Amino acid sequence: MRAVQLVEWGEPPELRDVPVPEPGPGQVLVKVGGAGACHSDLHIMDAPGPPPAFTTPLPFTLGHENAGWVERAGPGVTGFAPGDAVIVYGPWGCGLCADCREGRENYCRTSGGQGGGLGGGYDGGMAEYLLVPSSRFLIPLGTLDPRQAAPLSDAGLTSYHAVRRSLHLLGPGSTAVVIGAGGLGQMAVQLLRALSSATTIVAVDTDAGKLDTARRMGADETLLSGDQAVTRIRDMTGQHGAELVLDMVGLDPTLRMAAQVARVLGHLTVVGLGGGALPVDFASPPHECAVAAPYWGSIPELMDVVTLAQQQKVRLLVEHFPLERAPEAYQLLRTGKIQGRAVITPHG
Ligand code: NAD
Ligand code: ZN
Ligand code: ZN
């Protein structure tokens, strides 16, 4: 089969021929319907060498945002039949530690919840087939099309987890700011709209097109990134700042902006892996503003995201590419030309 593989650190990925994996006991082979191109893949392929705790040897298949159809189940697998549409939970844990048993395999105490194409020793899903190490990582999609649904497993799940932990702050009169309205940010805007009807949602981006999309998806206010956005958000909130600031970029300037627009007792949540740092001193971020950098989400949360998509409360703008155009899709993502999510469809 064909697979999009990282062959050298710091080099673009290559389309290569590799064997179709055979599912062992408890494992499932998924025919990939859609594999999302996440900005994290760019961070991975740009890295000069393996990030800390990265155990997958080169070459490996990229892609950690996958959905498809069950192709073949290994011995002992029950509950799934060939042809079932499924979405793949990405952070693969041990399944046995206390966090995994709560469904939080993203915080597995053994593996750190690193999954396919992300350094946990397995190949990812930017290929014709994906070997999933356990059926517990598969969530039925029902009537959702895997080619549309794939981004729910990361852009959707990560944003859902990041929004959900702050929902108690988002009552009437509250403000939520989303910095970076790309794949994740657009999901965050829709999830905020679906889960908190009272909060005022502000989207901030450097790209006017992304801001138009964010407004269509439920943002009340859209602002170009920079000092004028800080002034506007502070004015909107009576100089208090926003209850929740989600930084989906994570560069020095966006983190600085996040600290300037967050409020006392608020949440400043860093989701973007831009490599910036957030200075912390007595005055900034504001007093008792909690800073967290969440990683992905839990299995029950992915089930929630699938339900929200089935109810048509979240829908990502998806642009489809055949497998051989995956390197081009990544290049378009890098240059900000993907309006929502690029999804590779290996089977058309
Ligand atoms: P994307 O490329 O689709 O979106 C990024 C958006 O940020 C774009 O719309 C871009 O115009 C905007 N942007 C860039 N610079 C900006 C600035 N200075 N101010 C405001 N907006 C700016 O990327 P994505 O796939 O949505 O991923 C976003 C980030 O989240 C990446 O860093 C990715 O690695 C990270 N990520 C983290 C997790 C996690 O578990 N924490 C999971 C998935 C992705
Ligand atoms: Zn990702
Ligand atoms: Zn575990």
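The values are calculated or read from the model by the stated rules, or taken from the named source; none is laboratory data. Here the structure is a predicted model, which means the values were calculated and not measured. Positions of Cβ are generated from backbone atoms using ideal geometry, with glycine treated the same way; all protein chains shown enter the neighbour counts. With ligands, DNA and RNA removed, areas are computed over all heavy atoms of the protein, side chains included. Shrake-Rupley method; radii C 1.70, N 1.55, O 1.52, S 1.80 Å.
Numerical summary
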quantity: The chain: antiparallel DSSP beta bridges as a percent of all, rounded to 5; calculated: 50
quantity: Unit Cα scatterers, Debye sum, the range 174-292: log10 I(q)/I(0) for q = 0.19 Å⁻¹; calculated: -0.92
quantity: In range of the label at R216: residues from the range 298-340 whose backbone nitrogen is under 19 Å from the point 7 Å along Cα→Cβ; calculated: 309, 312-321, 333, 336-340
quantity: Reach of K210 by Cα under 18 Å, taken over lysines that are not fewer than 8 positions away in the same chain; calculated: K337
quantity: Accessible surface of K313 - all protein chains present, 1.4 Å probe, nearest 10 Å²; calculated: 100
quantity: Accessible carbon and sulfur surface of the chain relative to its total accessible area, %, 1.4 Å; calculated: 53
quantity: The chain - percent relative contact order, Cα under 8 Å, separation 6 or more; calculated: 18
quantity: Degrees separating the helix 299-310 axis from the principal Cα axis of the chain, which is the longest one; calculated: 80
quantity: Prolate/oblate/rounded label for the range 96-175 (Cα gyration tensor, a/c 1.5); calculated: oblate
quantity: The range 119-234 - Debye-derived log10 I(q)/I(0), Cα point model, q = 0.09, 0.14, 0.19 Å⁻¹; calculated: -0.32, -0.68, -1.01
quantity: Farthest positive-ward along the range 163-257 dipole, Cα basis, beta-carbon charges - from A188, T254, L224; calculated: A188
quantity: Theoretical gain in end-to-end length, S134 to D281 [0.36 nm per residue, Cα-Cα removed]; calculated: 48.5 nm
quantity: Backbone N under 14 Å from the W69 label point (7 Å along Cα→Cβ), restricted to the range 313-340; calculated: none
quantity: Antiparallel DSSP beta bridges within the range 124-225, as percent of all bridges there, nearest 5; calculated: 0
quantity: Accessible area expressed per residue, the range 131-273, with surrounding protein chains retained (probe 1.4 Å, Å²); calculated: 35
quantity: Where the range 4-59 is the region considered: accessible area per residue in Å², 1.4 Å probe; calculated: 46
quantity: Long-range amide H partners of V28 with built H, under 5 Å; calculated: G74, V132, S134
quantity: Whole-number D in µm²/s for the chain (Stokes-Einstein; Kirkwood sum over Cα pairs; 10 °C, 1.306 mPa s); calculated: 79
quantity: Degrees separating the helix 183-195 axis from the principal Cα axis of the chain, which is the longest one; calculated: 70
quantity: Hydrodynamic radius by Kirkwood, which averages 1/r over all alpha carbon pairs of the range 211-348, in angstrom; calculated: 17.3
quantity: Exposure of L278 as accessible area (Å², to 10), given a probe of 1.4 Å and all protein chains; calculated: 40
quantity: For the chain, the longest site-free run once GluC sites (Glu not before Pro) in DSSP loop states with at most 14 other Cβ atoms within 10 Å are removed; calculated: 103-287
quantity: Residues whose placed amide H lies under 5 Å from that of T110, excluding near-sequence neighbours; calculated: C94
quantity: For R263, distant residues with modelled amide H under 5 Å away; calculated: A242
